1. If we scan region 375-384, do we find a residue that is farther than 24 Å from Ala221 by Cβ and in contact (Cβ under 8 Å) with a residue 40 or more places away in the chain?
2. Which residue out of Gly15, Gly34 is open to solvent by 60 Å² or more (accessible area, probe 1.4 Å) and either touching a residue at least 40 places away in the same chain (Cβ under 8 Å) or at positive phi (or both)?
3. Using the structure shown, decide if Ile248 is among the hydrophobic types (A, V, I, L, M, F, W, C) and open to solvent by 30 Å² or more (accessible area, probe 1.4 Å).
4. Taking the conditions exactly as written (in a helix (DSSP H, G or I), among the hydrophobic types (A, V, I, L, M, F, W, C), open to solvent by less than 10 Å² (accessible area, probe 1.4 Å) and in contact with a helix residue (DSSP H, G or I) (Cβ under 9 Å, 6 or more places away or on another chain)), does Ala115 satisfy them or not?
5. Just one of (1) in contact (Cβ under 8 Å) with a residue 60 or more places away in the chain; (2) in contact with a His (Cβ under 9 Å, 6 or more places away or on another chain) trips up Cys81, so point out which.
6. From Gly375, Gly391, which residue is more than 21 Å from the chain's Cα centre (by Cα), open to solvent by 20 Å² or more (accessible area, probe 1.4 Å) and closer than 20 Å to Ile414 by Cβ?
7. Quick one: which of Phe198, Phe212 is among the aromatic types (Phe, Trp, Tyr), in contact with a strand residue (DSSP E or B) (Cβ under 6 Å, 6 or more places away or on another chain) and within 24 Å of Thr4 (Cβ to Cβ)?
Amino acid sequence: MGMTMTQKILAQAAGLDKVEAGQLIEADLDLVLGNDITSPVAIHEMDKFEKNDVFDKEKIALVMDHFIPNKDIKSAEHCKCVREFACKHDITNYFDVGQMGIEHALLPEQGLTVAGDVIIGADSHTCTYGALGAFSTGVGSTDMAAGMVNGKAWFKVPSAIKFNLIGKPSKWVSGKDVILHIIGMIGVDGALYKSMEFTGEGIANLTMDDRFTIANMAIEAGGKNGIFPVDDQAITYMEEHSKRPYKIFTADEDAEYDEEYTIDLSELKPTIAFPHLPENTKTIDEVTEDVVIDQSVIGSCTNGRIDDLRVAAEILKDRKVKKGVRCIVIPATQTIYLQAMEEGLLKIFIEAGAVVSTPTCGPCLGGYMGILAEGERCVSTTNRNFVGRMGHVGSEIYLASPAIAAASAVTGKISAPEELGM
């Protein structure tokens, strides 16, 4: 029996000719990632090791993004801990205020992730880099500490689910709608510890930003990782952003999959995940009663990229955010922020009555820049809508695409752009 893309990458990293689902391996790492929340825990774990040096200062990325700029004393202390560690070990890829961005948008943009890599990060959405044909997955801070010291990690080789994408999505359907459709279809544990492998001619109709979004939310279906084949779009992206060599792996024709699904992108509709799980999805035409909102958030490691901001700006141009609604736009990196400014997108947002934040995870995890009070509702382009995720346990989060979030900010209720005559 042949191997999947993920299994081939892991086999090479483990120095093996072949691996099978369920096999335990020790693999070499190409990148170890931490942020301002998870890195301090890993750093303190390293204090317990006999060896206190990092394995390679070039292969560690420390990104200050969750509570940056610092919102309180505790977050300032966390960042100070990481800053001092980065200075002590001369970490090359340390990103602080002024250079930072939301980690999972920043690292591909900086060329630190390429096809064939094995990447671990002490953040569950590290699976984002599968959009470039890498194996990337989230780990705990202890595993991050071990990775920083040894450059290796233990894995159980995952089995896989194959998603065959065909067709072309309609104008207001994006990668966010694709992954919400899939999670609604298989559930939040439908891919538990499995590789979600995307294939099919429909992938050519998805932008790289769409693919980053889809891979990012593989974890919301329980996936160990999500991964896309490396096509011309991915190669162009990597060559524009990175000087690192990449390696393309393809699944064997006789690779074994636990399940296979075919999804016609042309049939998909804008999809919203209602509280309090990402699997609780409805298409826009199934929203038959007004869902009045208090806040709209457009940003995060899932949907804060330039394509997302362009879509939101197209909808908000010459329109106003409804009185009583707070619309918060968060470009995912400084580069995206600057590009949005140069394209005039920020002017559109501000004239519409939205606010634009510095790059930060901010409200996604209930951090700051948009915390919800009891009884408030938010439509958000973030990735989780658990109870209390963005604030009070009595608040509600509706996950959606930038198009839905922008249109809803104008109408004051969950709406599609068509309701604005678009």
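1. Yes: region 375-384 contains one or more residues that are farther than 24 Å from Ala221 by Cβ and in contact (Cβ under 8 Å) with a residue 40 or more places away in the chain.
2. Exactly one residue qualifies, and that residue is Gly15.
3. Here the answer is yes, as Ile248 does meet what is asked.
4. Against the criterion (in a helix (DSSP H, G or I), among the hydrophobic types (A, V, I, L, M, F, W, C), open to solvent by less than 10 Å² (accessible area, probe 1.4 Å) and in contact with a helix residue (DSSP H, G or I) (Cβ under 9 Å, 6 or more places away or on another chain)), Ala115 does not qualify.
5. Status for Cys81: all satisfied but (1).
6. Criteria check complete, one pass: Gly375.
7. Just one listed residue meets the conditions, Phe198.
Residues checked against (1) assigned to a loop (DSSP other than H, G, I, E, B); (2) in contact with a Pro (Cβ under 6 Å, 6 or more places away or on another chain):
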| site | (1), (2) |
| --- | --- |
| Gly190 | yes, no |
| Ser195 | no, yes |
| Arg211 | no, no |
| Glu220 | no, yes |
| Tyr237 | no, no |
| Lys243 | yes, no |
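The values are calculated or read from the model by the stated rules, or taken from the named source; none is laboratory data. Since the structure is predicted, the reported quantities are computational estimates derived from the model, not experimental observations. Note that we place each Cβ from the backbone using ideal geometry, even for glycine, and neighbour counts take in every protein chain shown. These accessible areas exclude ligands, DNA and RNA; they are computed on the full protein's heavy atoms, side chains included. Shrake-Rupley method; radii C 1.70, N 1.55, O 1.52, S 1.80 Å.
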